[in-house]
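Chemist: Take this structure, written in structure tokens, and hold onto it; I'll ask about it next.
A short reminder: the numbers here are calculations on the coordinates, not readings from a lab. A quick note: this is a predicted structure, and the numbers were derived from the prediction, not measured. Cβ atoms come from the backbone with ideal geometry, glycine included; neighbour counts cover every protein chain shown.
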């Protein structure tokens, strides 16, 4: 994806949900896309499949899959591409499965749509697929309806559906958010195993850093429609350069913390994308902002081996000059001490 | 399967009970009001009169009369016509006419559902285009025009000259007996309801199209038609089927007027004539027949539910 | 602009200048006004109402006066809608027919609504056995053909406006009862707890005053829809010869007569038919407008 812009034309104005996003997913890689609600990560994913709902439109940029220019695909080619080259798993498996059709049929349908398998082959592949996603008693379950499944099982079925045609890339949009914590872990593990077995690239979208840590090798952090940091997971976790990433990592509650410490959340609310803040979009909430942050929007810069961040200050400087390591009060400006009148 | 059978059994019992209740109320109501004046042609001679009254059981107290009627009706004997000169057993007549009415109703419902769902889906797919606006307004106008007015309009249309360019499927004589006489009354009956169904389908489709599972269907790479029909429409039809029961009832009721206007020898026409000629035996019989018909129609509709929505099991 | 009056040692009174509170009704009214179809409907309904009210006192020609010209005369300057089978002025009869239509329509709707509301409230509020009885009653009669019942009743009770209203209302209340019952059942959960906590055992009639106003929106919409249904019903009955007895003109009756001359004098049957259709359409537009105006989901 290069320099993608996806905008929503509403009666209140134009919202640029995806503002110049570029990244690539390599074969077999697991990429995490993290950010809070409304930062544009879901829209980015939908854009890959050209599923952006009204009143949104992809306005500029390009998306290429394996050399194919996705945005130029004809209607027929698009239908081929979806579910075949790229598969998608959605957040709420109850509402994402058609309640009046048998689960086995819905999986079979995913294959029949693409003519890669003959009808008989497609039907035969259903049960093995369900077994591959670890649905117990798969043969009987294939004849059941979605409402007879539990939440975790439904999500597995969705994964089976997405993988049915051996796509090169599977996009998982918050696959665990609607599930119990124990089931979450199972699903993540399943995805990891599938990635290893089938070498399918996975793009995991979530707001949960912990999930990213357990599954992904690379991560992209998005804020207000832009990528603010990207790089290998271990590096980012150990040494985040963007204050937003840093705040996200700090806000994960940890077992070894003292009980009486307050949960450290990021102050402020997500920016209104109708009228995004001037300069750096994070500056109204950033503890380390300086004067430049108010006026000049930063670009992505290389801040480490294979790691980029979009910030004027960067955490290295924050540690050195602003005592970020010991900072307890992370309200906006608290680190830099910069409070314009 | 067992659940369905039990359910059907329960419903059948309910239908029977309703029929009995309805028929008894009608019977008693009529008899209280009309009493022995029920004979349409009363001979002046008191002896002859008494004979006739006795022949028709009219000299008995009405609870007893009803009991006699009921015990006969259950065995399929709906009594005899009271009109002088007729005196014919009613059951065969009723069956014959029921067949006519059901045929008419069937085609009307076919039209209603077919055209209604079709147009409604189209309007939903092309939401907010001129197709949608025109269709929606046309729908309101269509169901505001009562079925008899449609009958008038259709008759005027077909009878006075447009006949030639419609391939002879539209007839010149109003009546019943040939297949080509079915479309016009069926159309008149069904048009208003088709509009209601169209409106409902459109609204339902609009809701369904926004659902997550439709989005999943797109993401799987399914083609437009498949998504719309197999995924969207199948779910959208569920609330439509809900309304089909009362709709069938309305069509059956409306057929009374249409049959009368077109001279179609069905139950409706029979009912009207019986009321106007005071042949109340027929009135009660037809009433009961209608109650049964409506009951069965509704039961049929309810039985199609599980086929459409597997979440519903009896 | 707050004015404070204070007397020493007393409680300070303030007249607060509240920001303009838009009640549900004002908001709905405003939205209704913007709906063009509903406004057109309102205009037509008003015209019908005016005809209904004025026609007993004045019509261009007397409605019963026949032989005003050639029978089945086509529309002309003197008689904009022509003459009927007895040479009567159709326009005058049409205007007069509005009286019956509106009377029966509104009357039946009102009667059916009243009955339906009461039963619906009782069933929904007291629930339990009372509800079971009422609901079974409703469900049984739901499957009975309303037209046949009305016809039978008219025959037994005799023709006439009042009997018509009763005959139509006697099956028409079912829908309203179901609606109100549903509303009551859901509102009951909300209001009951608050009221019970607020002042111990409140008089149930006061709770009716809480539940009923909240359900009033859908009730009004339903009642509006009942009017055209009743008008059509009356037309059905008139067509079958069971409507208002002559010489009172009614649209259904005029249509019934005009049917005989359909082929050579269509204007006789078309005039009342269009009148009926237009009035029904107007009420439907009005009902739709009301329904959209009251729908909380559409509030901005």
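Chemist: Using only the C-alpha atoms of the stretch B:194-264, find the volume of their convex hull and express it per residue in Å³. Numbers along the way, then the final one.
Modeler: Numbers: hull volume 6.4 nm³, N = 71.
Taking only Cα atoms, the stretch B:194-264 has a hull volume of 90 Å³ per residue.
Chemist: Let me check against my output: what whole-number percent is the relative contact order of chain A, with C-alpha pairs under 8 Å and at least 6 apart?
Modeler: Details: 625 pairs, mean separation 65.0, N = 341.
In percent, rounded to a whole number, it is 19.
Chemist: Among bridges DSSP assigns within chain A, what percent are antiparallel (round to 5)?
Modeler: Percent antiparallel among DSSP bridges in chain A is about 55.
Chemist: Given the C-alpha centroids of the stretch A:1-59 and the stretch C:239-300, what is the distance between them in whole angstrom?
Modeler: The distance from the Cα centre of the stretch A:1-59 to that of the stretch C:239-300 comes to 54 Å.
Chemist: Hey, another quick one. Share of antiparallel DSSP beta bridges in the protein assembly as shown, in percent to the nearest 5? Mind dumping the intermediate values first?
Modeler: Values: 30 of 49 bridges.
Taking every DSSP beta bridge with both residues in the protein assembly as shown, the antiparallel ones total about 60 percent.
Chemist: Here's a follow-up. For a footprinting-style exposure proxy, rank A:316, A:19 by other Cβ within 10 Å, fewest first. Show your work: numbers first, answer last.
Modeler: Details: A:316 14, A:19 20.
Ranking A:316, A:19 by Cβ neighbours within 10 Å, fewest first, gives A:316, A:19.
Chemist: Under 1.5 on a/c is rounded, so check that first for the stretch C:46-158, then, if it is not, pick prolate when a/b is larger than b/c and oblate when it is not; a ≥ b ≥ c are the square roots of the alpha carbon gyration tensor eigenvalues.
Modeler: Details: a/c = 4.49, a/b = 2.68, b/c = 1.67.
In terms of gyration-tensor shape, prolate.
Chemist: For the stretch B:248-298, just say rounded, prolate or oblate: build the C-alpha gyration tensor, square-root its eigenvalues into a ≥ b ≥ c, call rounded for a/c under 1.5, and beyond that prolate if a/b exceeds b/c, oblate if not. Don't skip to the answer; put the middle values down first.
Modeler: Numbers: a/c = 2.74, a/b = 1.24, b/c = 2.21.
Oblate, because a/c is 1.5 or more while a/b does not exceed b/c.
Chemist: I need A:60, A:96, A:22 ordered by Cβ neighbour count within 10 Å, fewest first. Working shown, then result.
Modeler: Working: A:60 11, A:96 26, A:22 14.
Lowest count first: A:60, A:22, A:96.
Chemist: For the stretch A:1-109, what is the Kirkwood estimate of the hydrodynamic radius, computed as the reciprocal of the mean inverse distance between distinct Cα atoms, to one decimal in Å?
Modeler: Numbers: mean 1/r = 0.0644 Å⁻¹.
Answer for the stretch A:1-109: a Kirkwood hydrodynamic radius of 15.5 Å.
Chemist: Turning to a different aspect of this structure: For the stretch A:144-215, what class follows from the C-alpha gyration tensor (a ≥ b ≥ c being the square roots of its eigenvalues): rounded when a/c is under 1.5, otherwise prolate if a/b is larger than b/c, else oblate?
Modeler: Working: a/c = 1.85, a/b = 1.09, b/c = 1.71.
Verdict is oblate for the stretch A:144-215.
Chemist: Right, here's the next one. Can you report the principal axis dimensions of the stretch A:267-341 using only the alpha carbons, biggest first, rounded to whole angstrom?
Modeler: 34, 30, 20
Chemist: Other chains' Cβ within 10 Å of B:220-229 residues: what's the mean? Mind showing how you got there, number by number?
Modeler: Details: counts 18, 17, 8, 4, 2, 0, 4, 0, 0, 0.
Per-residue shielding by partner chains comes out at 5.
Chemist: Another question about this same structure. Would you calculate, for chain A, the mean residue ellipticity at 222 nm contributed by helices, counting each DSSP H stretch of 4 or more residues as -39,500 (n - 2.57) and dividing by all residues, to the nearest 500?
Modeler: Details: 13 runs with 113 residues, N = 341.
Taking each H run of at least 4 residues, the total per residue is -9000 deg cm²/dmol.
Chemist: Distance between the C-alpha centers of the stretch B:220-261 and the stretch C:86-148? Whole Å please.
Modeler: 26 Å
Chemist: Order by neighbour count: B:104, A:169, C:86, fewest other Cβ atoms within 10 Å first, most last. Let's see the in-between values first.
Modeler: Details: B:104 26, A:169 22, C:86 14.
Going from least to most buried by this count: C:86, A:169, B:104.
Chemist: Okay, moving on. For peptide A:107-118, compute the average count of partner chain beta-carbon atoms within 10 Å of each residue's beta-carbon. Walk me through the intermediate numbers first.
Modeler: Working: counts 1, 0, 7, 6, 1, 3, 6, 3, 0, 0, 0, 0.
Mean number of neighbouring Cβ atoms from other chains: 2.
Chemist: Moving on. Please compute, for the alpha-carbon atoms of the protein assembly as shown, the extent along each of the three principal axes and give them in descending order in Å.
Modeler: For the protein assembly as shown, the Cα extents along the three principal axes come out at 124, 90, 63 Å.
Chemist: In addition: Relative contact order for the stretch A:177-254: what percent, with Cα pairs under 8 Å and sequence separation of 6 or more? Numbers along the way, then the final one.
Modeler: Values: 54 pairs, mean separation 15.6, N = 78.
After rounding, I find 20 percent.
Chemist: How many angstrom separate the Cα center of the stretch C:34-63 from the Cα center of the stretch A:283-320?
Modeler: The distance from the Cα centre of the stretch C:34-63 to that of the stretch A:283-320 comes to 73 Å.
Chemist: If you don't mind, another one. Enter the angle in degrees (range 0 to 90, nearest 10) between the Cα long axis of helix A:151-163 and the first principal axis of the Cα atoms of chain A, meaning the one along which they spread out most.
Modeler: With both axes taken from Cα atoms, the answer is about 80 degrees.
Chemist: Inside 10 Å of the C-beta atoms of B:206-217, what's the mean count of C-beta atoms belonging to other chains?
Modeler: Numbers: counts 0, 0, 0, 0, 2, 4, 9, 12, 2, 8, 15, 8.
Taking all residues of B:206-217 together, the mean is 5.
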